[in-house]
Amino acid sequence: MLYDTADAWRTAPKKRVLLFAMSGLGKTHVATMLRDSGDWFHYSIDYRIGTRYMGEYIADNAKREAMAVPFLRDLLMSDSIYIGSNITFDNLEPVSTYLGKPGDPARGGMEIETYRMRQTQFARAEKQALLDTGYFIDRAEALYGYPHFICDTGGSICEWVDPEDPADPILTALSERCLMVWIEGTEAHTEELVRRFDRAPKPMAYRPDFLEAAWERYLAEAGAAPSEVDPDAFIRWTFAAALAHRQPLYAAMARNWGVTVPAQAMAQVRSAEDFDAVIADAIAAR
């Protein structure tokens, strides 16, 4: 690890951290708080995905919908209007909307083949955005003079790595430049995330083998043809299974590549000094 003792962390002139956890456990909240403190550069993986690697897919999808409307088609064909996505750190909805949900088109679903293709696009984009972390560490310091750096990852980081492989290319590259920190939730956190997701289901990204197994099992249990699947029902059904699937992967990432901070401890962080303290405690406890 970059900081092998708590004292090494506390006295480091340049602190570089990567947060990973289930979505909804405060990664972006903490990263935003540190950014607002003035000394930390906030690198958002999801923002990088949406702006650098999937922006063209997202814009083209919106244009495709607009081309079905004669009035908008004429304006697009004459270059009279511009269509783009307004992605921000706080609004990543264009990425989620593009990923979509498989199932009945009349209920907002898409064909499973299209869904698989977009999942593949997202996986490629997230892998590359993660590997861009080192570039942004150097850029943040050289261009803006930030001494400290925090990488705010998406919940699907664990889908694209093998935490038990000491030569995993993504984890190797990340751990060489950042202290990897798992925000570990409890069963109560998981239950709340499931309740929250049930109220407002959102698209997610899955590794291909998990997605295929979940899709086939859901079709069998629901007794439905692919074009008849309720998209929201499918992703609700899949979400809890995905959390259970990801938990041991996160744990292995922390065990082999970084440290663990309990979610309740991270939730108490109110300042950069608080953050330094919880990270020092995690290093000391390792």
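Some notes on this structure:
- When the solvent-accessible area of the chain is split by element, carbon and sulfur atoms take up 51 percent of it, the probe being 1.4 Å.
- Note on residue 20: accessible area approximately 0 square angstrom, rounded to 10, probe 1.4 Å, nucleic acids and ligands left out.
- Phi-derived couplings, Karplus 6.51 cos²θ - 1.76 cosθ + 1.60 at θ = phi - 60°, listed residue by residue for the stretch 76-91: 5, 5, 9, 6, 8, 10, 10, 10, x, 9, 9, 7, 10, 4, 9, 9 Hz, with x used for Gly and Pro.
- Accessible heavy-atom area order of 53, 82, 144, highest first, probe of 1.4 Å: 82, 144, 53
- Treating each Cα of the stretch 152-270 as an identical point scatterer and summing with the Debye formula, the log10 of I(q)/I(0) at q = 0.14, 0.21, 0.23 Å⁻¹ comes to -0.70, -1.24, -1.36.
- Cα lying deepest toward the dipole's positive end in the stretch 1-112, options 76, 112, 89, charges on Cβ: 89
- The stretch 115-148 residues near the modelled residue 224 label - backbone nitrogen below 17 Å, point 7 Å along Cα→Cβ: 115-116
- Solvent-free Debye scattering, log10 I(q)/I(0), computed from the Cα coordinates of the stretch 25-96 at q = 0.14, 0.23 Å⁻¹: -0.57, -0.98
- The residues packed around residue 153, meaning those with a beta-carbon under 13 Å from its beta-carbon, carry a net charge of -1 if Lys and Arg are +1 and Asp and Glu are -1.
- Per-residue HN-Hα couplings for the stretch 228-241 [Karplus 6.51, -1.76, 1.60; θ = phi - 60°; Hz; x = Gly/Pro]: 9, 5, 6, x, 5, 5, 5, 6, 5, 4, 7, 4, 4, 5
- Assuming charge only on the beta carbon of Lys and Arg (+1) and of Asp and Glu (-1), the dipole of the chain about its Cα centre is about 320 debye to the nearest 20.
- Dipole magnitude for the stretch 179-286: computed about the Cα centre from +1 point charges on Lys and Arg Cβ and -1 point charges on Asp and Glu Cβ, it is near 140 debye.
- The alpha-carbon positions of the chain define a convex hull whose volume is 142 Å³ per residue.
- Net charge over other residues, Cβ less than 13 angstrom from the Cβ of residue 5 (K, R count +1; D, E count -1): -1
- The region of the chain that goes longest without hitting one of the GluC sites (Glu not before Pro) in a DSSP loop, each with at most 14 other Cβ atoms within 10 Å, is 165-286.
- Estimated [θ] at 222 nm from DSSP helical runs (n ≥ 4, -39500 (n - 2.57)) normalised by residues in the chain, nearest 500: -17500 deg cm²/dmol
- Listed residue (203, 252, 214) projecting farthest to the positive dipole end of the stretch 197-272, Cβ model: 252
- In order along the stretch 142-156, the Karplus-derived 3J(HN,Hα) couplings, from 6.51 cos²θ - 1.76 cosθ + 1.60 at θ = phi - 60°, round to 5, 8, 10, x, 6, x, 10, 9, 10, 9, 9, 8, x, x, 8 Hz, and Gly and Pro are given as x.
- Contour minus Cα-Cα distance for residue 284 and residue 141 (0.36 nm per residue): 48.7 nm
- Legend: residues 110, 22, sorted from most to least accessible area (1.4 Å probe; ligands, DNA and RNA excluded), read 110, 22.
- Whole-number accessible area per residue in Å² for the chain, which is evaluated in the context of all protein chains at 1.4 Å: 48 Å²
- Contour excess over end-to-end distance, with Cα ends at residue 52 and residue 195 and 0.36 nm allotted per residue: 48.2 nm
- Rounded to the nearest 20 debye, dipole of the stretch 1-127 from Cβ charges on Lys, Arg, Asp, Glu: 360 debye
- Heavy-atom accessible area order for 23, 175, largest first, 1.4 Å probe: 23, 175
- Percent of beta bridges antiparallel (DSSP, the chain, rounded to nearest 5): 5 percent
- Shape index of the stretch 73-112: Rg/Rh, with Rg the Cα radius of gyration and Rh the Kirkwood radius from the inverse mean 1/r over Cα pairs, equals 1.14.
- If R0 equals 45 Å, the separation of the Cβ atoms of residue 29 and residue 73 corresponds to a calculated FRET efficiency of about 0.60.
The values are calculated or read from the model by the stated rules, or taken from the named source; none is laboratory data. Here the structure is a predicted model, which is why all the values come from computation and not from measurement. With ideal geometry, Cβ positions are generated from the backbone for all residues, glycine too; neighbour counts draw on all protein chains shown. Side chains included, ligands, DNA and RNA excluded: accessible areas come from the protein's heavy atoms. Shrake-Rupley method; radii C 1.70, N 1.55, O 1.52, S 1.80 Å.
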